[in-house]
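The values are calculated or read from the model by the stated rules, or taken from the named source; none is laboratory data. Because the structure is a prediction, the values reported are computed rather than measured. No Cβ is skipped: glycine too gets one built from the backbone with ideal geometry, and neighbour counts run over all protein chains shown. The area values use the complete protein model at the heavy-atom level, side chains included, leaving out ligands, DNA and RNA. Shrake-Rupley method; radii C 1.70, N 1.55, O 1.52, S 1.80 Å.
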Amino acid sequence: ATAEEVAYHFNFLTHQRLKHQLAQLSHKTLVNNHLETRKLSEIEMMILKKVFTQMNGYHDSLSATFMSSYKG
């Protein structure tokens, strides 16, 4: 289940980044990887917050697992 969640999060973030970059290209502005959160819909913003919250949890879990195996 965790791998599927991580894949979903990756796909969501990639989709948002590409959508942002396509908008920049269509406006002939410099392309970057910085999402303009004020331009996201309410649902996109809610999902983005959830994605980052869960990714932080995965990071903490992996760090704890790595550190406990390193000490052992």
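For the chain, with all protein chains in place and a probe radius of 1.4 Å, 63% of the accessible heavy-atom surface sits on carbon or sulfur. Close Lys pairs in the chain, defined as Cα atoms under 22 Å apart and 8 or more places apart or on different chains, number 7.
Applying both filters, DSSP loop and at most 14 other Cβ atoms within 10 Å, to the GluC sites (Glu not before Pro) of the chain gives E36. Think of a 1.4 Å ball rolled over the protein heavy atoms: the chain then has 83 Å² of accessible area per residue. For the chain, taking the reciprocal of the average inverse distance between every pair of different Cα atoms yields a Kirkwood hydrodynamic radius of 14.2 Å.
3J(HN,Hα) along the stretch 52-62, derived from phi through the Karplus expression 6.51 cos²θ - 1.76 cosθ + 1.60 where θ = phi - 60°, amounts to 5, 4, 5, 5, 4, x, 5, 4, 4, 5, 5 Hz, with x in place of Gly and Pro.
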